[in-house]
Amino acid sequence: MLEKAGKFLKLLSSTRREKKLDTVILFVTSRCNAFCKTCFYWDQLNRPGDLSLAQIQKASSTMPPITDLWLSGGEPSLRRDVPEVINAFVANNGVNRVIIPTNGLAKDLVYKIVDDALGRHPGLDLYLNIALDGYGATHDRIRGVPGHWEKTLACIDALYALKDKYADRFRLNVNTVICADNYAEVQELATFLWDNCSLDGQYFNIIRGDTPGDDAIKQVPPEVLPEIYEFASGLTKRYGDRMFANDDALTRFVKNIAYVGSITTHYRTQHANFERPTPWAMPCTAGETTAVIDYNGDVRACELRDKFATLSDFDYDFGALWAAQPRQAELTEIDGGRACWCTHVCFIHDSMRHSQHAQLVETPKNYFTRNRW
């Protein structure tokens, strides 16, 4: 037991991070080929004014080193020069992890982006998060595209070749947004994917932000969430066991505490903040360790907050923008998360990475209590 504890503490201590920018979420395009009822970005979709490659390259060249680059949209695979965008951030900023959410409709474009990025950059890891929000017709209805379910499964199937080619450098995940239209069948969906797909993980996020239409899609009965999150935490443990199957028992135990405990912390934070604001177990570091760059160059601390600056006003010099007074005013406004209320897992996770309390206390606690909701 002492050996296990020592190894676990060594692992978590190694994740200690300085509070500086290390994650950039870049909306590479506003173009989208779906019509999702759950979309919080719907009023910005399919507009003119995407940043040019040259503008993105200049912003990257004036940005400090970062570790994580999220490429979002719209549907990011619809931007044909995504490989060049990735090249810029690897060369200029030392990015070693790229995370791309996709709806999987354009499987050939998705395949090309993944293969190009991992083929060109041997030190890069890529996490592809494919959206599946329901089983069969439910997914098609939520996403507003007939045949979406079958096309997304075909995309997953096509990507197995890249799993074989790049092994652990390529993580193939599914993201599911819990909403009023699917909460009754998320377990059926998850069981189907576990039994029929070779995934590295499936993650669940409660619906967030302002959605198109009325708020009916957001009316998830609070009483169903404990069972869903208990199931999701147990599923994460199963994925962890499979992901770390080749490690020795002690290493597998330590990695599972870090992995399953972290994801379960995400879920507990979502659950606690579904109906009312509840303080996180760590300060929110949005605008400090994370930056959001919209398709048109607007910059935000968080995807759920308004812009505080625009790149064009600084001649696309990101460093100048980041050092300017508007960001400092935004940090004061956020006040470490005390002025905000959200369940956004990207910001929960990055804030956890910069909190020793979250890593040393909340992560192991939530690992061992994952079955109690």
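Some notes on this structure:
- Counting 0.36 nm for each residue step from residue 251 to residue 272 and taking away their Cα separation leaves a gain of 4.5 nm.
- Our analysis of the stretch 58-205 gives Rg over Rh at 0.99, with the two radii drawn from alpha carbon positions and Rh computed by the Kirkwood formula.
- Dimensionless Rg over Rh [the stretch 18-145; C-alpha; Kirkwood]: 0.98
- With the biggest extent put first, the Cα atoms of the stretch 249-373 measure 53, 34, 24 Å across the principal axes.
- Cβ distances below 4.7 Å define possible disulfide partners, and in the chain the cysteines left without one are 32, 155, 179, 197, 284, 302, 340, 342, 346.
- For the chain, the share of accessible area belonging to carbon and sulfur comes to 52 percent (1.4 Å probe, ligands and nucleic acids excluded).
- Amide H to amide H distances under 5 Å link residue 202 with 174, where only residues 5 or more positions off or on other chains count and H is placed in the peptide plane.
- The label point for residue 43 and the one for residue 242, both projected 7 Å from the Cα toward the Cβ, are 4.0 nm apart.
- q = 0.35 Å⁻¹: log10 I(q)/I(0) that the Debye formula gives for the stretch 259-299, counting C-alpha atoms only: -1.09
- GNM on the chain, alpha-carbon springs under 10 angstrom: the most fluctuating residue among 212, 279, 222 is 222.
- Plainly put, the stretch 147-210 has a radius of gyration that is 1.01 times its Kirkwood radius, both from alpha-carbon atoms, as the Rg/Rh ratio.
- In this structure, the amide hydrogen of residue 72, modeled 1.01 Å from its nitrogen in the peptide plane, lies closer than 5 angstrom to those of 26, 27, 28, counting only residues at least 5 positions away or on a different chain.
- The chain, accessible area per residue, ligands and nucleic acids excluded (1.4 Å, Å²): 42
- MRE, 222 nm, helices only [DSSP H, n ≥ 4, -39500 (n - 2.57), over the chain, to nearest 500]: -13000 deg cm²/dmol
- Calculated on alpha-carbon atoms, Rg and Dmax of the stretch 11-83 in Å: 15.3, 46
- The base-10 log of I(q)/I(0) for the stretch 207-321, evaluated at q = 0.14, 0.18, 0.20 Å⁻¹, reads -0.86, -1.04, -1.09 [Debye formula, identical scatterers on Cα atoms, solvent excluded].
The values are calculated or read from the model by the stated rules, or taken from the named source; none is laboratory data. Keep in mind that what you see is a predicted model, and the values were worked out from it rather than measured. Cβ atoms come from the backbone with ideal geometry, glycine included; neighbour counts cover every protein chain shown. Accessible surface areas use protein heavy atoms only, side chains included; no ligands, DNA or RNA. Shrake-Rupley method; radii C 1.70, N 1.55, O 1.52, S 1.80 Å.
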